[in-house]
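Report on one structure; see the data block that follows.
The values are calculated or read from the model by the stated rules, or taken from the named source; none is laboratory data. Only a predicted model underlies this, so the values are computations on that prediction, with no experimental measurement involved. For neighbour counting, all protein chains shown are included, and Cβ atoms are generated from backbone atoms with ideal geometry for every residue, glycine included.
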């Protein structure tokens, strides 16, 4: 299976290199096909606009049957990103039934997902947080109770820090 996953990931990387997708860039960490670094450009017309957020995508040997893990390396304040940087969105959850009954199976990981569809989902998540199942309860509280005050202030600080560290 790992030969198949390597080929698939190589193909996806080649496609993204040849035809970049607006909003992010991707490359390998230490020439390891299972470890990618992505940079998400903060989506226009969101509080994250102007930011450059680095994250690592770590693929399992049995990709695409299992989802990768995604972790922001750049500090980011968001309800669906844990304080440790781990991204919590449905399409990165193991396939099948949700033991808590929160997500439908079709919302979870499916082998048809690619790096591109993952990144588009994460960019969409930045624009439209899901406060119902937060990975960062404090960010979710700020987002619900004071979206244009405390939440915006913390996001703006993260955007500024991302710009400074990106140079």
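Just a few scattered comments:
- Positions within region 18-31 being within 17 Å of residue 54 (Cα to Cα) and not in a loop (DSSP other than H, G, I, E, B), in sequence order: 24, 25, 26, 27, 28, 29
- Only a single item in (1) surrounded by 15 or more Cβ atoms within 10 Å (Cβ to Cβ); (2) in a helix (DSSP H, G or I) is not met by residue 144, and it is number (1).
- Yes/no for residue 98 being over 11 Å from the mean Cα position of the chain (by Cα), free of Cβ contacts under 8 Å to residues at least 24 places away in the same chain and either exposed (fewer than 15 other Cβ atoms within 10 Å of the Cβ) or over 17 Å from residue 155 (Cα atoms) (or both): yes
- Residue check for residue 37: out of contact with any helix residue (DSSP H, G or I) (no Cβ under 9 Å at 6 or more places or on another chain), assigned to a loop (DSSP other than H, G, I, E, B) and more than 15 Å from residue 121 (Cβ to Cβ): no
- Residue match in region 131-139 (condition: under 11 Å from the mean Cα position of the chain (by Cα) and not in a helix (DSSP H, G or I)): no
- Those residues of region 64-84 which are more than 22 Å from residue 46 (Cα to Cα) and either under 12 Å from the mean Cα position of the chain (by Cα) or in contact (Cβ under 8 Å) with a residue 24 or more places away in the chain (or both), in sequence order: 64, 65, 66, 67, 68, 69
- Picking from residues in region 74-86 that are in contact with a helix residue (DSSP H, G or I) (Cβ under 6 Å, 6 or more places away or on another chain) and crowded, with 18+ Cβ neighbours inside 10 Å, the one that is nearest to residue 113 (Cα to Cα) is 80.
- Matching entry among 132, 167 (being in contact with a helix residue (DSSP H, G or I) (Cβ under 9 Å, 6 or more places away or on another chain), over 26 Å from residue 64 (Cα atoms), surrounded by fewer than 18 Cβ atoms within 10 Å (Cβ to Cβ) and at pLDDT below 90): 132
- Hey, residue 103 more than 21 Å from residue 22 (Cβ to Cβ), out of contact with any strand residue (DSSP E or B) (no Cβ under 8 Å at 6 or more places or on another chain), at pLDDT below 95 and not in a loop (DSSP other than H, G, I, E, B) or not: no
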